[in-house]
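Just so it is clear, none of the values below were taken in a lab; they were calculated from the coordinates. Remember, predicted model here, so these are calculated numbers, not experimental data. Cβ atoms come from the backbone with ideal geometry, glycine included; neighbour counts cover every protein chain shown.
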Amino acid sequence: MKRKIICLSFLSILMFSSCQDYLEVQSDSKYDSEFVFQSVSEADKALLGAYDLLSVESGIHSNRLFYEVTGVGSDIELGPELTSNSGRYNGENLYFKPPTATDNPPDAWNGMYRTIGRCNVIIDAFEKNAAYIAADKTKPSDLTHLYGEAIAIRATMYFELTRNWGDVIYFTKPITSEADYKEAVVTDRSIIQEGELANLIKVEPLMYKLNTKANTTAATRMTQEYVQGLIGRLALIRGGYALRPPSYTGDGEVLQSHPTRGKMVRRSDYKTYYTMANTYLKKLVYSGNATLVTTDSRTPSAKFSNPFQAVFQAGMDYKFSPEMIFEVSQIAGVTTTERPYAFGRPSGGGGTAYPPKAYGQMRFFPTYYFGMFDNKDLRRDVTVTTTGLGGSADEKMISFKKGSTIAGGGLSLNKWDYSRMTDKTNAIKQRITGINAPYMRLGDMILLLAETYSVLGDDANAKAELLKVRKRAFLSTDPEYTAKTTTYVNSKSGATLLAAIQDERAFELGGEGQRKMDLVRWGLLGKKVNELQSQMTAMADALRASGSYTFPNGNVISDYIYTKDVKLTDAQALGLNDILTGNTYVSETDPLYPLLFPGWRGTATDWVAPSTTTLKKTMLAIKGLFKPLTSTEATAAIAAGYKKVNYGVDLVSDVTKPWEVNVNGVFGGYLPADFTANYSPLYLVAIPAETIRVSGGKVSNNYGFPNQ
């Protein structure tokens, strides 16, 4: 599961000083393909070097790109801090300040091009190698599979570049001199995407399936299933809406337009790409070796019975879920890893604690948790947490004040949690867990397949795929199970079916970096931002006027809730032996209800600290979270040892109104007037100024970004 560090002299990078700050795509001009690829094992070592760059340089899963751009900025996900605190939130907030050429994570740009450069060297060596040239190209072999991996890694980088930057520089050959890169120009993303799709389609039949050969037994290597899924992803962004420069005059439907930001356009032949995606996603779903996790064998069943959580628990146990198609590999104990530190349950602990600090970069709007989810959806509490950890085996509420860890930021991602790691050796120091980063899993792919069927007019198959994912989201023994699954899905058709699939992706993939770019390619980013702003305004107005807001589904968020610290020994006296909870099926009248609802919280009972450290071992009893207490109930709660604590009031108490609609608030770069004027939202990031400078004017920005 752990990635290997490869230091091979024949893969050393020939550094040109002027190129180093421009694009990290250099290669060794003395590369001898016959020497390097004289055996499959040597070729495999070369590929491991490319995977290493993917893991540590690209940022597709970490704080170079995912942290600031991909994972946040949707109608459900946001960062924890005030947008005015750091320039990194400018892009997330659709540029509430005039965009600059530094409003992007430049390391991600350079890191991805460095990875592309490594892949180009490997691909070129394969294509010149006698053994590879002679290999049978009608079926998979060790050499054709390795070649396919290099193609897939490079295509992954261009997938990320074109969806986040738009039109970018396209290199497909090794760079051996300054002339190779100084003459480079920006290439239309359509050409890039179509080129990479053609390459992927070529290698797809020449790759092994997951778990069929030694180098495909772990989801940290790219396989035929991954390539099929990547074809689906690339085809759907190729056929979806995208922001084009203001000068764009090509084919397609213009949905929205702005004089400097550009135009949201979808090609008129978009169904061609939906058909392509459908073809390869069917192969993945129907013939691939990844398996949707639909059962949970853990005991006791009263605590678990949640196959969705089991998918993420596998990673925390250093295992591979059968649902995972590709994970970005990480090393435990010796490197900086972001789960759960940035993308997991927050903790206020220090660098070494029980658990240590978890910043909690991935937060959620209350409209998602309280308002969108069905209350019986097993994914809600696995995805979103209301509580964090104090650092001494103690559970704490997370404040809605802007901030980080448990001190602020609001509802946080819960799919990864230090407390749920079985082996806590690497869970008492921050950022060294080595938990792999999921990049492609089957639940995502099934919903993409459902989407393609729906857009292509095949409602029956779209419903069948949607139902696969929907069914595992609810408890099969619940009396309402059929109503919430089969009946719900069968009630949809046409546009309502497509909308249901889009909603399901929000429920299934929260915090996994899909929602914003889904909204972009559907042409819904501006619309959903506008709807969110209206919902947040209504919530804020109601909290100020009456101290509570009732969502359309009946859930209520209130100014105050009531909490009580409960020691492990006291919980055990009530019959709760483990204060790290799972699902809850108890009624509201059960004495354990305040401890078990919401589910998937508490703190680990198995933390073992040195004698110099005292662990509190407490969890929270919570009352009034989804339904305000009456005055009688509040009085009784206080008499029982509960404290009245701020909750919804913190959403509206800051005079800068960060949770409301203003330039420093909810999508301040795309206010309601922008949507009314049919302006396109600016979601892309700028090409780095240094790249533009070194190009001598051959490369420039669009979308209102300056060039320096």
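Values for this structure:
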item: Dipole moment magnitude, nearest 20 debye, the chain about Cα centre, only Lys, Arg, Asp, Glu C-beta charged; result: 720
item: Whole-percent pair-distance distribution, where bins are 5 Å wide, for the alpha carbons of segment 311-429; result: 2, 12, 21, 24, 19, 14, 7, 1, 0
item: Centroid-to-centroid separation of segment 194-256 and segment 35-101 [C-alpha atoms, Å]; result: 18
item: Crossing angle, helix 525-546 versus the chain [Cα axis fit, 0-90 degrees, rounded to tens]; result: 20
item: Volume per residue that the Cα convex hull of segment 553-652 spans, once the total is divided by residue count, Å³; result: 133
item: Translational diffusion coefficient (Stokes-Einstein; Kirkwood radius from C-alpha pairs) of segment 119-184 at 25 °C, 0.890 mPa s, in µm²/s; result: 182
item: Within-9-Å neighbourhood charge of residue 243 [Cβ basis; K, R +1; D, E -1]; result: +3
item: For segment 406-549, the spread of Cα positions along each principal axis, largest first, Å; result: 51, 45, 37
item: Whole-angstrom gap from segment 593-631 to segment 332-350, using each part's C-alpha centre; result: 20
item: Extreme residue, positive dipole direction of the chain, given options 308, 290, 434 (C-beta unit charges); result: 308
item: Net charge of neighbours whose Cβ lies under 13 Å from the Cβ of residue 424, counting Lys and Arg as +1 and Asp and Glu as -1; result: -2
item: Sequence-separation-based contact order of segment 553-652, relative, with Cα cut under 8 Å and 6+ spacing, percent; result: 46
item: Residue-span extension gain [residue 589 to residue 486] - 0.36 nm each, minus C-alpha spacing; result: 34.0 nm
item: For segment 553-652, with +1 on Lys and Arg beta carbons and -1 on Asp and Glu, the positive-most of 642, 594, 556 along the dipole; result: 642
item: Two-decimal Rg to Rh for segment 104-221 - Kirkwood Rh, Cα set; result: 0.99
item: Degrees between helix 142-164 axis and first principal axis of the chain (Cα, 0 to 90, nearest 10); result: 60
item: Net charge of neighbours whose Cβ lies under 10 Å from the Cβ of residue 568, counting Lys and Arg as +1 and Asp and Glu as -1; result: +1
item: Reference-scaled alpha-carbon Rg (2.2 N^0.38 Å with N residues) for segment 575-708; result: 1.80
item: Nearest-0.05 FRET efficiency for residue 537 and residue 185, computed from C-beta distance (R0 45 Å); result: 0.50
item: Magnitude of the charge dipole, segment 435-564, Cβ model with Lys/Arg +1 and Asp/Glu -1, debye to 20; result: 140
item: Hull-based mean projected area of segment 369-438, where the convex hull spans the alpha carbons, in square nanometres; result: 5.9
item: Principal-axis tilt of helix 494-509 within the chain, Cα atoms, nearest 10 degrees; result: 80
